[in-house]
Amino acid sequence: MKKILFALAGLFLLILLQPPLKASSEQDVPKHFLVPPPPFSPGIFPCSQCHAFMPPNRKPRKLEMHQDIVLKHMPGGWCFDCHNPDNRDTLRLANGKLVSFDESYNLCGQCHGTILREWKAGLHGKRTGMWNGEKQYRLCVHCHWPHEPRFKPLKPMPPPVRPSDIK
């Protein structure tokens, strides 16, 4: 009985001597994640190379340029819901804050909060690196085309050949 009481007292002391846990909002979460450059379409970025001297036309319409881009992401959406009309080389959050294309996860996370939390934790998307060191994340746009993000249907691969069937 003395051994049990002694063990409980030791455990109690260990608990008391531990530093207090931080609240989840105080956790040391990086504000910026290490990501490779977004997969820009060749010849399109930086956007300012063409748009620098064009005043933004904020009216939703069929585009004369970028005809291959059809927004099928959000009903009634328009380019400037995400792209910054005053500096085309940046994106704009709903609150007006500007973010670079390599921080586009913040833009996507405005509507896809659950997925953003999973992405930050390494549960969604691809993340490489050391378990106890620097990690590199892939952006949403490395897997999802932002203007029509649903995955296209994939043709399944044939099943593997059984070792016994190899001749």
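Below is a table of values for the structure above.
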quantity: Tally of residues being assigned to a loop (DSSP other than H, G, I, E, B), over 17 Å from LYS72 (Cβ atoms) and not hydrophobic (A, V, I, L, M, F, W, C) across the stretch 126-157; calculated: 7
quantity: Index of the failed condition, ILE115 passing every other in (1) hydrophobic (A, V, I, L, M, F, W, C); (2) closer than 22 Å to TRP78 by Cα; (3) surrounded by 12 or more Cβ atoms within 10 Å (Cβ to Cβ); (4) at pLDDT 85 or above; calculated: (2)
quantity: LEU123 vs. criteria surrounded by 10 or more Cβ atoms within 10 Å (Cβ to Cβ), free of Cβ contacts under 8 Å to residues at least 12 places away in the same chain, assigned to a loop (DSSP other than H, G, I, E, B) and of a type outside the set (Phe, Trp, Tyr); calculated: yes
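The values are calculated or read from the model by the stated rules, or taken from the named source; none is laboratory data. Since the model is a prediction, treat every value here as computed from it, not as a measurement. When we count neighbours, we look across all protein chains shown, and the Cβ atoms used for this are built from the backbone with ideal geometry, even at glycine.
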